[in-house]
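Throughout, read-outs are computed from the coordinates displayed, never taken from laboratory work. These numbers were taken from a predicted model, which means no experiment stands behind them. Cβ placement follows ideal geometry from the backbone for every residue including glycine, while neighbour counts extend to all protein chains displayed.
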Amino acid sequence: MESGGRRLTVEDALALVLADPPAPRSVEVGLLDALGRVLAEDVVADISMPPFDKSAMDGYAVRSEETAAAPAELAVVDDIPAGKFPTRKIGRGEAARIMTGAPVPPGADAVVMVEQTEAKGRDRVVVRNGVKPGENICALGEDLREGSVALRRGKIVRPPEVAILASCGQSRVRVVKAPTVTLMSTGDELVEIDRKPEKGQIRNSNTWSLAAQVRAMGLPCAILGVARDTKEAIRAMAREGLDRGDVLIVSGGVSVGEYDFVADALQAEGVQCLMHKVMIKPGRPFYFGRKGDQRVFALPGNPVSTYVIFDVFVKPFLNLARGMEGGDVRRMRALVTSPLDRRSDRLQYIPGLCDLRGGRPTVAPVPWHGSADIAALTRADCFIVLPPNAPPLKEGDGVDIQLL
């Protein structure tokens, strides 16, 4: 589906970006390399967890019925540290000294915490408080049963999932292959960041900001550099980006000015344009196209516009491409702390500073000078999202915010 020359709403544009995603591919990686990735298949427990009845406390393994009339004095017949399996059954009038994580011996059905006992030498102990059957015992398989699904396909691997994978013996993990991103900027005015700009020049901050946004998602990216403002130079760098990656992101040269050659250069490289205008502020000139399974996002050159378009459109696509079916929702409602009147016929993203303490989140707009003022985002932690033609807001009115 193409938008032609129409200016799409943000909702329609996002639907177009997320429609018909490339089929996910999988890859096997080392356990720690799976962190932040999405599981490509179910993980089945090869053993039960815990694999035996184990003590949840340091104390004494006992027969609970013998503690009903506590205090009760018992003979200590065994010492069971973690890693040692019991050598004998606990009989009447007996107990075993046991450490946290150690197997509970046969005959015992509860563990008394050491704090609720009084040792009489090494061979006798007085239990001061009674315990119930199963108390302070982690039962075999109560966390996971052998053969059960420990983790479902589509789960994001966090440190807790790493622990489960390790417990299931998964030193190698099959995950969804992360899309490879290539980045380029355009503009005769741009110089690399280790050079001091001369008159009429600025440093190429957009590429690095975009690279940081991609890396913050845990995805690989390659910085191609700056293409001069000619169709040939832009086309050559775009060709390199398409040769090296799954997703090409271009910053600058996407409007309809005399030196904006990105759309023509991409068309010459076989990229099909699916949209070129979106009703969003900042960031209206936004190009999205495809070439087979590859996707191309061409973003405005102003840095706040670049940041917003990545956050609203590119990031959801990259999340979908890496297997995150639920996306990445960071929206909430907040109360404005001062009047706000920013009327526009476009959906607006205004830098804000929110306070999540207390019963209701609040937000205040951050002073900024428009889409070139990237310094404003260093003072912000969210965007205030205003719908088209929104009426003025009074102090205490509710508004949507999107966390950075």
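Mean projected area of the convex hull spanned by the Cα atoms of region 246-357, taken over all viewing directions: 9.1 nm².
For region 91-186, trypsin sites (Lys or Arg not before Pro) are listed when DSSP marks them as loop and at most 10 other Cβ atoms sit within 10 Å of their Cβ; the list is Arg92, Arg122, Arg152. Of the residues Asp194, Asp243, Asp143, the one with the fewest other Cβ atoms within 10 Å heads the list, and the complete ranking is Asp194, Asp243, Asp143. Give me the log10 of I(q) over I(0) for region 331-403 at q = 0.11, 0.24 Å⁻¹, as the Debye formula computes it from C-alpha points; what are the numbers? Summing over Cα pairs of region 331-403 leads to -0.24, -1.13.
Based on C-alpha pairs under 8 angstrom that are at least 6 apart in sequence, region 331-403 has a relative contact order of 49 percent.
Counting only DSSP beta bridges whose two residues both lie in the chain, roughly 65 percent are antiparallel. Placing one identical point scatterer on every Cα of the chain and ignoring solvent, what is log10 I(q)/I(0) from the Debye formula at q = 0.07 Å⁻¹? For the requested q values the scattering log ratios are -0.53.
Normalised by 2.2 N^0.38 Å, where N counts its residues, the alpha-carbon radius of gyration of region 54-138 equals 0.91. I'd like to know which of Gly398, Leu353, Leu340 lies farthest towards the positive end of the charge dipole of region 331-403, counting +1 on Cβ of Lys and Arg and -1 on Cβ of Asp and Glu. It is Gly398.
When +1 charges are put on Lys and Arg Cβ atoms and -1 charges on Asp and Glu Cβ atoms, the dipole computed for region 54-138 relative to its Cα centre reaches about 180 debye. Using Cβ point charges alone (K and R +1, D and E -1), the dipole size of region 1-56 about the Cα centre works out to roughly 240 debye.
Shown for Val226, Val126: other C-beta atoms within 10 Å of each C-beta, ranked fewest to most, produce the order Val126, Val226. Its DSSP H runs of at least 4 residues, each contributing -39,500 (n - 2.57), put the calculated 222 nm mean residue ellipticity of the chain at -4500 deg cm²/dmol, to the nearest 500.
Where in region 317-365 are there trypsin sites (Lys or Arg not before Pro) that are in a DSSP coil and have at most 13 other Cβ atoms within 10 angstrom of their Cβ? Qualifying residues, ordered by number: Arg330, Arg342, Arg343, Arg357. The shape of region 187-238 comes out oblate: with a ≥ b ≥ c from the C-alpha gyration tensor, a/c is at least 1.5 while a/b does not beat b/c. In loop segments of region 207-315 as defined by DSSP, the GluC sites (Glu not before Pro) with at most 14 further C-beta atoms inside 10 Å of their C-beta are Glu258.
Over all directions, what mean area does the Cα convex hull of region 28-172 project, stated in square nanometres? The orientation-averaged projected area of the Cα hull of region 28-172 comes to 9.5 nm².
Computed from point charges on the beta carbon alone (+1 for Lys and Arg, -1 for Asp and Glu), the dipole magnitude for region 97-156 about its Cα centre is near 160 Debye.
The 3J(HN,Hα) values that the Karplus relation (6.51, -1.76, 1.60; θ = phi - 60°) gives for region 265-273 are, in residue order, 5, 5, 4, 5, 8, x, 7, 8, 6 Hz. Gly and Pro appear as x. Distance from the C-alpha centroid of region 268-294 to that of region 146-225: 22 Å, rounded to the whole angstrom. In terms of surrounding Cβ atoms within a 10 Å radius of their Cβ, Phe52, Phe383, Phe261 rank from fewest to most as Phe52, Phe261, Phe383.
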